[in-house]
Amino acid sequence: MQLQRQVTSPSSLRRVVVPPALALLAVVGIAASARIVRCRAGMTRTDIATLAVKDYVAEAFPGWRADHPGRACPTSLAELSPYLNSRDTRDPWGEPYRFACGAARLFVVSSGEDGKLGTEDDIRSDR
C-alpha cells in the first residue's frame, strides 16, 4: 500500500493566509491613525509645533543623514518630510518652519502665533 501526500499549492496557501494578514494590517493601521488623530485633537497649536520641531531634529534628520552620507544638510525641510510621513512644512499658524544645520546638527524654529522670528513665542528645537 502506497501513501499519497497531499501537496498544498502556493496559490491556495496564499488564498488562505494573505487575506487575513491584510485585514489585520488594515485594522492595525486604522487603529494607529485614530490614535494619532485623538492625540492631536486635544493639543494646542503650540503643542503641535513643539512636537514638529522636535520630530524634525530627533526623527527625520537622523534618518535623512543615514540615507545621505555625503551631505551635511538638506536643502529644504521637504527633504525630511518622508521621514515624518508628512508633507506639511508649515507650522499650525501657516508659516513655514525655518531651519539651519551646523556641526552635524539640525535646528528648527517656528515663528509661533505672532508669525515673527525672534520673539518670545518662537518655538525652537533647541529648547
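Summary table
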{"quantity": "Unmet criterion (only one of (1) exposed (fewer than 10 other Cβ atoms within 10 Å of the Cβ); (2) modelled with pLDDT of 90 or more; (3) assigned to a helix (DSSP H, G or I)) for F61", "calculated": "(1)"}
{"quantity": "Selection from segment 53-73 of residues that are under 17 Å from the mean Cα position of the chain (by Cα) and touching a residue at least 12 places away in the same chain (Cβ under 8 Å)", "calculated": "V53, K54, D55, Y56, V57, E59, A60, F61, G63, W64, R65"}
{"quantity": "Residue check, E120 in contact (Cβ under 8 Å) with a residue 60 or more places away in the chain, part of a loop (DSSP other than H, G, I, E, B) and on the phi < 0 side of the Ramachandran plot", "calculated": "no"}
{"quantity": "Subset of segment 81-112 (residues that are at pLDDT 95 or above and in a loop (DSSP other than H, G, I, E, B))", "calculated": "D91, P92, W93, G94, E95, Y97, S111, G112"}
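The values are calculated or read from the model by the stated rules, or taken from the named source; none is laboratory data. All of these numbers come straight from a predicted model, not from anything done at the bench. Cβ: placed from backbone, ideal geometry, glycine included. Neighbour counts: every protein chain shown.
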